[in-house]
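The values are calculated or read from the model by the stated rules, or taken from the named source; none is laboratory data. From a predicted model like this one, the values you see are computed outputs, not experimental measurements. Quick reminder, even Gly has a Cβ in these numbers, built from the backbone with ideal geometry, and neighbours come from all protein chains shown.
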């Protein structure tokens, strides 16, 4: 079932935790950002290089979304001036989900 309106998503997500997680992480970009951050903290350019073909705007929006959901933390470092992204405890709790997806992909796809 394709959820087309915000009201449809809100209705389904309010009653089903699986739907809520799917709505939050249902795009490959968000999952791949989390996959990369599970390994180690990354700078924006590192994430962009890893996710070849993603636009700067799309990556920036995804990072803001994940930060707003408290899955990713944006940390400003002073020397040299740069920004680094890390997972929060809530974000790191998705490790099992991502590892299960990896195992499924290796076995069945």
(request) Being touching a residue at least 40 places away in the same chain (Cβ under 8 Å), loosely packed, with under 15 Cβ neighbours inside 10 Å and in contact with a strand residue (DSSP E or B) (Cβ under 7 Å, 6 or more places away or on another chain) is the filter here, so list the residues in the stretch 70-99 that pass it. (result) 83, 86
(request) Kindly indicate whether any position in the stretch 38-56 is at pLDDT 95 or above, under 30 Å from residue 11 (Cα atoms), in contact with a helix residue (DSSP H, G or I) (Cβ under 8 Å, 6 or more places away or on another chain) and buried (at least 18 other Cβ atoms within 10 Å of the Cβ). (result) no
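Residues checked against (1) assigned to a helix (DSSP H, G or I); (2) within 17 Å of residue 93 (Cβ to Cβ):
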| residue | (1), (2) |
| --- | --- |
| 35 | yes, yes |
| 38 | yes, yes |
| 48 | yes, no |
| 52 | no, no |
| 58 | yes, no |
| 62 | yes, no |
